[in-house]
1. Considering only the other residues whose Cβ falls under 14 Å of the Cβ of residue 50, what net charge follows from Lys and Arg at +1 and Asp and Glu at -1?
2. If I take all pairs of Cα atoms in the chain, what percentage of them are more than 29 Å from each other?
3. Can you tell me the convex hull volume per residue for the range 94-214, based on C-alpha atoms, in Å³ to the nearest whole number?
4. Send over a whole-number figure in Å² for the accessible area per residue of the range 128-214, probe 1.4 Å.
5. What is the set of long-range amide H partners of residue 20 at a cut-off below 5 Å, with H atoms built 1.01 Å from backbone N?
6. Tell me, in nm to one decimal, what length is gained between residue 141 and residue 9 on full extension, where the rule is 0.36 nm per residue of separation less the Cα-Cα distance?
7. Can you give me the convex hull volume of the Cα atoms of the range 118-189, divided per residue and expressed in Å³?
8. Return the sequence-ordered ³J(HN,Hα) values of the range 191-203 in whole Hz as given by the Karplus equation 6.51 cos²θ - 1.76 cosθ + 1.60 applied to θ = phi - 60°, using x for Gly and Pro.
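The values are calculated or read from the model by the stated rules, or taken from the named source; none is laboratory data. What you see is a predicted model; the values in this text were computed from it and never measured. FYI the Cβ positions are ideal-geometry reconstructions off the backbone, even for glycines, and counts take in every protein chain you see. These accessible areas exclude ligands, DNA and RNA; they are computed on the full protein's heavy atoms, side chains included. Shrake-Rupley method; radii C 1.70, N 1.55, O 1.52, S 1.80 Å.
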Amino acid sequence: MKELVHERLLELHDGQGTPFRRVLVYAERQPAGLWVAWVEFVSASGDKVVQTDRETTQSTLRGVAYWATGLQPTYFEGALDRALRRTGPAPPSAAPAAPVPDRGGMVSFRIRRSDPRVAFRVMATNTLVPGLRRAAHHAGSLIYVRSVEPALTEMPRIYEFLAHFQSARAAAILAQRLEADLEGTTATLEIRRVEVPLESEAIRRALVEAVAEK
């Protein structure tokens, strides 16, 4: 399971002038016990994410965090170029994506935040119990699963949830609820382990696409 170990805000641009303002360093433990890390760049609009191949290998997660905090902006400029080359341009003759079917399902999502009040806010409760369900009118429900302690004490805690909805319209209502609950916080939202901007349309799209991929 990958771990977010460092986040930074920078002003970077690709060859077409697209701005990338969020830089995320992730690490994942290998079977031999070592940790490999890579860098992800999120565009200012949140609709484009590119990532490098392995950038470093460290013996501990703390070592990755120490490495990441010492990186300079010029390093990330080169890393963005590597990520863009790795991704490559989209095929010009690619067929348009098929429309996403209007069906519901159950999708896992996570919230990373040091302040536990965010999870209580999402569930509209003063007590968090695994399996607790928060119903949304005509839209399904949000279900609290558990909290996960971070690998390092300075990293945010992870709160895991399920979103249950019957249609794309219901997903939109849940997305609006999540946007309102997380507004004004510094929480990070991940849907099926992919970071999603805290905007209702981006959240709705991620929920519906996650169901379509099953």
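1. -2
2. That fraction is 32 percent.
3. Normalising the Cα hull of the range 94-214 by residue number yields 118 Å³.
4. 49 Å²
5. The list, which skips near neighbours in sequence, is 12, 13, 14, 44.
6. 44.2 nm
7. 94 Å³
8. Rounded to whole hertz, the list is 10, 6, 6, 10, 5, 10, x, 7, 10, 4, 5, 5, 5.
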